[in-house]
Amino acid sequence: MSKPVIIYDGECRFCQWSMRRIRKFDRRELFEYAPRQTEGLDARFPILSQSDFNAGLRLMEQGGAVHVGADAIYQIYRRLPPYKLVAWLYRIPPFTQLARLGYAIIARNRHRFGRVECDTGTCTVPAAANPESSSATTVS
């Protein structure tokens with residue numbers, strides 16, 4: 001992998017809209033973008049077969065780290081101007097918890113935001129989604 005890969009739900013129009021926003025600021029093409037429905041993605045990243053994508057998008061790092069949800073968003077935006085100027089706020093504990101909670105709420109209700117509806121029902125997140133599930137893990 002030559003650069004970090006952002007993996008998102010390609011069947012969710014809110015997720016597609018979110019990726020368009022990120023790509024708009026990724027002028028240096030720092031990331032590769034892949035819908036989770038991409039054929040061969042599980043073979044490329046075996047850890048994904050154990051993932052619950054209702055917890056959020058994934059950022060796969062070159063060193064093996066996997067960032068989920070709000071942690072992935074932080075890792076993405078800290079590299080993109082103009083967001084990198086304020087992304088450090090995420091590292092302050094109250095902001096980290098608030099961002100994770102906010103991400104969980106958005107993920108659970110993503111089909112309602114921005115007048116975006118999901119045709120396939122893939123945007124439905126079970127009520128038991130845990131906002132704490134957006135932590136980074138390391139893949140060995």
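A compact table of results
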{"quantity": "Calculated FRET value between residue 29 and residue 86, using beta carbons and R₀ = 25 Å, to 0.05", "calculated": "0.65"}
{"quantity": "Integer Hz, Karplus 6.51/-1.76/1.60 couplings in order for the stretch 2-11, x for Gly and Pro", "calculated": "8, 8, x, 10, 9, 10, 9, 7, x, 9"}
{"quantity": "Under 5 Å, built H, 5+ apart or other chain: amide partners of residue 65", "calculated": "139"}
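FYI, it's all coordinate maths here, none of it is from the lab. None of the values given here were measured: they were computed from a predicted structure. Positions of Cβ are backbone-derived with ideal geometry, glycine not excepted, and every protein chain shown enters the neighbour counts.
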